[in-house]
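See below for the structure under consideration.
Every number here is computed from the coordinates shown, using simple stated rules; none is lab data. Just so you know, these numbers come straight off a predicted model, no measurement behind them. No Cβ is skipped: glycine too gets one built from the backbone with ideal geometry, and neighbour counts run over all protein chains shown.
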Amino acid sequence: MRALNTQGVSATPQTLSFTTLKDVTPPKPAKNIRVKVATNQRALVQWEVEGTPDYAYAKVYLNGIYVGKSTTTSFTTKVLKKAKNYKASVILYDTTGHASKKSYASTVKIN
């Protein structure tokens, strides 16, 4: 890099080097996971993301089975079976692919 003063005279050249740090920190688990009955036998799962500025998406599970992913902080399921209890869980992922620990919500029953 070369710097010039206001008269256009250059200073002594300096060599600079940069190091890009690799992200090795997984996201914090999702907080305040809520699951409630939406319309037409569907469930709405919502969560909060804190302390993860590079949040990319979340994978959503019902009763331990993967049902989809979301790049926001909510997910609406497909039609679910009536008279069955469902427990939601969420795993957050950051832009480098690191995963959080699984977070769980209370159970909802589809009537």
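For this structure, a couple of remarks:
- Among 110, 91, a tally of other beta-carbon atoms within 10 Å of each Cβ gives an order, fewest to most, of 110, 91.
- When only the Cβ of Lys, Arg, Asp and Glu is charged (+1, +1, -1, -1), the dipole of the chain relative to its Cα centre reaches about 920 debye.
- Calculated FRET efficiency, residue 87 to residue 24, Cβ-Cβ distance, R0 = 30 Å: about 0.45 to the nearest 0.05.
- Pairs from the table (28/69; 22/78; 22/59; 28/81; 28/82) lying more than 28 angstrom apart at Cα are 22/78; 28/81; 28/82.
- Listed values for segment 101-108 are Karplus-derived 3J(HN,Hα) couplings in whole Hz (6.51 cos²θ - 1.76 cosθ + 1.60, θ = phi - 60°), namely 6, 6, 10, 10, 10, 5, 8, 10, and x replaces Gly and Pro.
- For residue 96, residues with placed amide H under 5 Å, excluding near neighbours: none
- Extended-chain gain in nm, criterion 0.36 nm per residue less alpha-carbon gap, residue 40 and residue 3: 6.7 nm
- Computed lengthening from residue 57 to residue 72, 0.36 nm per intervening residue step minus Cα-Cα distance: 4.7 nm
- Across segment 30-42, coupling constants 3J(HN,Hα) worked out from phi with the 6.51/-1.76/1.60 Karplus curve, θ = phi - 60°, read 4, 10, 6, 6, 10, 10, 9, 6, 9, 8, 6, 6, 10 Hz, and Gly and Pro carry x.
- A simple rule links phi to the HN-Hα coupling: the Karplus curve 6.51 cos²θ - 1.76 cosθ + 1.60 with θ = phi - 60°, which for segment 49-59 gives 10, 10, x, 9, x, 9, 4, 10, 6, 10, 9 Hz, with x for Gly and Pro.
- Gain upon complete extension [residue 48, residue 101; 0.36 nm per residue less C-alpha separation]: 17.7 nm
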